[in-house]
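J.: Have a look at this one.
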Amino acid sequence: METRSYDIVIVGSGAGGGTVAAGLSGLAEQGARIAVLEAGPRLRQEEFTGHELEMARRLYVDSGGMLTEDRSITLAMGRAYGGSTVVYTGVTLEIPEKIVEEWGVPGLDFQDLNRRSRRLSAELGVHCLDDDLINENNRAFARGCRKLGWNLNKIPLNIRDCRGAGICNLGCPHGAKTGTHRLQLPRAEKAGIEVITNCRVETISQGRLQTLVTNSSSGLPSSWPEGRYRIEASKIVLAGNAIGSTSLLLRSGFGRIFPALGLGLTLHPALILAAEHASEISNTIGHPKSYYTDQFQKDGRFLLEVCMYYPFTTAKNLIGFGPEHAEAMRAMPRMQQILALVMDDAEDHNRVLLNRRDETVVKYSLSQKSLTSLHQAMLRATEIFFAAGARRVHVPASRKFWIRAGESPEAMIPRSGVLPGRLSISSAHLMGGCRMGRDVSDSVTDSWGRVHGHPWLLVADSSLFPRCSEVNPHLTVMALADRVAEGIRTGK
Ligand SMILES: Cc1cc2nc3c(=O)[nH]c(=O)nc-3n(C[C@H](O)[C@H](O)[C@H](O)COP(=O)(O)OP(=O)(O)OC[C@H]3O[C@@H](n4cnc5c(N)ncnc54)[C@H](O)[C@@H]3O)c2cc1C
């Protein structure tokens with residue numbers, strides 16, 4: 001087995017790993033040997049075809065079909081040069097001060113995260129779309145919220161020269177999203193940091209990583225020949241996301257040292273709701289997300305955001321079969337969609353673990369509180385649809401496939417129908433598993449991502465979150481990773 005040596009190795013190249021790499025560029029320029037090891041491929045620009053199933057296979061873990069243990073929730077995670085930032089929608093929101101206070105991580109304060117988030121937002125080119133670029137699906141949402149007198153916010157997006165292809169989650173064919181594949185990783189590579197793709201880290205121990213390089217049918221071949229490698233490194237930074245970093249630590253035996261490892265996973269459970277309008281609306285052209293409402297964030301514990309998904313994903317999210325389902329799919333050009341995002345609590349029984357075959361298992365059950373939030377979100381989204389002029393609305397837990405204007409949503413959508421397994425819930429915002437905190441008894445790392453008692457090991461990704469961020473998480477992941485890079489640079 002070949003051995004290679006580095007000063008610092010970063011595992012994963014997404015929001016966390018890419019940002020740490022960019023933050024260590026100065027060290028690389030001064031001669032430090034730094035590598036990013038990424039399990040996914042680096043796609044050629046022409047491979048971003050926009051075909052739904054093809055891109056899911058190329059860019060997502062398990063083609064986007066990874067499930068929780070009870071098979072009730074689909075987990076979406078990117079696996080590529082740039083990680084999930086290649087497929088994210090670009091919604092860039094700052095974590096609320098109240099949440100950072102509630103996290104209560106010693107040494108972590110809101111001002112610090114806020115300062116980093118502002119700087120990163122400027123570098124990412126975050127801005128809201130001009131009104132003339134907003135499509136009808138989004139305008140309908142705005143119309144509905146305004147009519148109901150609810151808060152309406154434009155969504156800040158990290159995009160540049162967006163041509164409105166509308167397929168952000170399949171990887172932008174025009175390279176308009178400023179994820180780490182566009183900004184941080186090229187910057188790091190220019191400074192001399194190596195990014196090795198198709199390279200999966202299997203286990204780690206002090207000063208050492210065991211990896212396997214296997215090329216896939218898509219993307220550029222890895223810069224290393226296929227095979228197993230032993231890598232020596234003085235420092236290891238894990239940025240494989242809430243599932244990847246946690247399961248790597250578990251596989252490497254750290255579960256025996258850290259009772260909190262894997263516990264308290266939050267998913268920001270998401271539900272897609274759809275309504276049919278009488279006439280065609282532009283919904284697949286233009287950026288899919290321009291507006292959200294936080295009207296129910298405090299009391300209802302959910303956000304409603306505009307969304308528009310592709311035929312396979314939409315078909316999977318409609319509950320029902322046969323002619324009604326087919327009819328709804330035929331109505332896609334007249335369809336309005338809203339995404340409900342529920343703020344779930346961190347509960348220790350929701351966790352990442354390994355089964356007897358050492359495979360990753362995600363145990364997660366929706367709490368009664370989350371199910372109530374989902375129910376409320378369905379009712380409120382239905383109000384927006386009808387206020388926007390929809391003819392009929394499809395809500396998974398309702399008594400009929402379609403609710404018509406004039407029918408009472410309360411009567412049609414009983415809380416008793418909102419049950420796990422009867423809704424098509426998904427998650428793209430996985431958080432926790434290696435949470436920050438005080439010491440080994442309550443957490444895995446401190447506020448600088450340093451694994452307690454292991455000065456050679458750090459974590460810099462979404463697994464650090466002690467609880468869900470309430471808002472879309474990528475900017476907070478980047479801000480935390482920026483902190484981790486600073487800690488390494490300054491020898492904290
Ligand atoms: C479809 C989708 C849409 C989203 N939209 C938004 C949005 O609009 N706004 C927002 O704020 N957030 C969004 N998110 C969430 C956001 O992308 C994530 O929160 C963020 O990217 C997480 O960063 P991370 O560094 O933890 O992991 P990731 O960005 O997922 O990167 C982890 C990387 O590590 C690699 N890896 C894992 N294990 C290993 C290993 N053992 N060896 C080598 N490499 C490994 C993976 O292949 C992956 O590339 C979205 C996510 C998805 C999937």
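J.: Look through the range 1-19, keep the residues that are within 14 Å of the ligand (Cβ to nearest atom) and among the hydrophobic types (A, V, I, L, M, F, W, C), and return whichever of them is nearest to residue 203 (Cα to Cα).
T.: Among those residues, the one meeting the criterion is 11.
J.: Take residues that are in the same structural domain as residue 415 (by TED's automatic domain parsing) and over 20 Å from residue 414 (Cβ atoms) and tell me which of the strands (runs of 3 or more DSSP E) falling wholly in the range 280-387 contain 2 or more.
T.: 291-293, 302-306, 335-342
J.: Pull up the range 244-266, narrow it to residues that are assigned to a helix (DSSP H, G or I) and of a type in the set (A, V, I, L, M), then point me to the one that is surrounded by the fewest Cβ atoms within 10 Å (Cβ to Cβ).
T.: Looking at residues that are assigned to a helix (DSSP H, G or I) and of a type in the set (A, V, I, L, M), I get 250.
J.: Test of understanding: among 473, 455, which residue is out of contact with any Leu (no Cβ under 6 Å at 6 or more places or on another chain), surrounded by fewer than 24 Cβ atoms within 10 Å (Cβ to Cβ), of a type outside the set (Val, Ile, Thr) and in the same structural domain as residue 102 (by TED's automatic domain parsing)?
T.: Exactly one residue qualifies, and that residue is 455.
J.: Sort through 26, 40, 31 and tell me the only one that's assigned to a helix (DSSP H, G or I) and in the same structural domain as residue 228 (by TED's automatic domain parsing).
T.: Every option except 26 fails the conditions.
J.: Let me ask another. Kindly establish whether residue 58 is basic (Lys, Arg) and either touching a Pro at 6+ places or on another chain (Cβ under 8 Å) or without any contact (Cβ under 8 Å) to a residue 24 or more places away in the chain (or both).
T.: It is true that residue 58 is basic (Lys, Arg) and either touching a Pro at 6+ places or on another chain (Cβ under 8 Å) or without any contact (Cβ under 8 Å) to a residue 24 or more places away in the chain (or both).
J.: Only one residue in 371, 353, 341 is of a type in the set (A, V, I, L, M), modelled with pLDDT of 95 or more and crowded, with 23+ Cβ neighbours inside 10 Å. Which one?
T.: Result: 341 is the single residue among 371, 353, 341 that is of a type in the set (A, V, I, L, M), modelled with pLDDT of 95 or more and crowded, with 23+ Cβ neighbours inside 10 Å.
J.: Another question, then. Under 6 Å between Cβ atoms, at least 6 apart or on separate chains: pull out the pairs that start in the range 199-210 with a residue that is more than 21 Å from residue 243 (Cβ to Cβ) and end on any residue that is assigned to a loop (DSSP other than H, G, I, E, B) and hydrophobic (A, V, I, L, M, F, W, C).
T.: Listed pairs, sorted by first residue: 206/456.
J.: Further question: As an exercise: evaluate residue 406 against (1) in contact (Cβ under 8 Å) with a residue 40 or more places away in the chain; (2) on the phi > 0 side of the Ramachandran plot and give the number of the one condition it does not meet.
T.: Single failed check for residue 406: (1).
J.: Given 54, 29, 46, 38, which one is farther than 30 Å from residue 298 by Cβ and near the ligand (Cβ under 8 Å from one of its atoms)?
T.: 38
J.: Just to be sure I understand the filter: pairs with C-beta atoms under 6 Å, separated by 6 or more residues or on different chains, first member in the range 79-106 and near the ligand (Cβ under 6 Å from one of its atoms), second member among the hydroxyl-bearing types (Ser, Thr, Tyr). Which pairs pass?
T.: These pairs meet every condition: 83/13; 85/180.
J.: How many of the residues in the range 393-416 are of a type outside the set (Asp, Glu) and assigned to a loop (DSSP other than H, G, I, E, B)?
T.: Counting residues in the range 393-416 that are of a type outside the set (Asp, Glu) and assigned to a loop (DSSP other than H, G, I, E, B) gives 13.
J.: Let me ask something else about it. Kindly indicate whether any position in the range 393-401 is modelled with pLDDT of 95 or more and either within 16 Å of the ligand (Cβ to nearest atom) or surrounded by fewer than 24 Cβ atoms within 10 Å (Cβ to Cβ) (or both).
T.: no
Per-residue answers, yes or no, for (1) of a type outside the set (S, T, N, Q); (2) buried (at least 17 other Cβ atoms within 10 Å of the Cβ):
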residue	(1), (2)
151	no, no
159	yes, yes
166	yes, yes
169	no, yes
172	yes, yes
194	yes, yes
203	no, no
219	yes, yes
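J.: Please pick out the residue among 449, 433, 453, 421 that is away from the ligand (no atom under 16 Å from the Cβ) and closer than 26 Å to residue 101 by Cα.
T.: Testing whether each residue is away from the ligand (no atom under 16 Å from the Cβ) and closer than 26 Å to residue 101 by Cα leaves just 453.
J.: From the list 340, 270, 274, 315, exactly one residue is within 12 Å of the ligand (Cβ to nearest atom) and under 23 Å from the mean Cα position of the chain (by Cα). Which is it?
T.: 270
J.: Since residue 440 meets every condition but one in (1) of a type in the set (A, V, I, L, M, F, W, C); (2) over 16 Å from residue 238 (Cα atoms); (3) under 22 Å from the mean Cα position of the chain (by Cα), which condition does it not meet?
T.: Status for residue 440: all satisfied but (3).
J.: What single numbered condition from (1) away from the ligand (no atom under 16 Å from the Cβ); (2) not in a helix (DSSP H, G or I) fails to hold for residue 119?
T.: It is condition (2) that residue 119 fails.
J.: Out of curiosity, is residue 481 within 20 Å of residue 8 (Cα to Cα) and within 14 Å of the ligand (Cβ to nearest atom)?
T.: Judged against the criteria, residue 481 is a match.
J.: Among 105, 100, 91, which is the only one that is closer than 22 Å to residue 166 by Cα and surrounded by 18 or more Cβ atoms within 10 Å (Cβ to Cβ)?
T.: That would be 91, the only listed residue that is closer than 22 Å to residue 166 by Cα and surrounded by 18 or more Cβ atoms within 10 Å (Cβ to Cβ).
J.: Filtering the range 73-86 down to residues that are in contact with a Phe, Trp or Tyr (Cβ under 8 Å, 6 or more places away or on another chain) and assigned to a loop (DSSP other than H, G, I, E, B), which residue is farthest from residue 186 (Cα to Cα)?
T.: By that ranking, first place goes to 76.
The values are calculated or read from the model by the stated rules, or taken from the named source; none is laboratory data. Quick caveat: nothing in here was measured; it's all calculated off a predicted structure. Glycine gets a Cβ as well: all are built from the backbone with ideal geometry, and neighbour counts include every protein chain shown.
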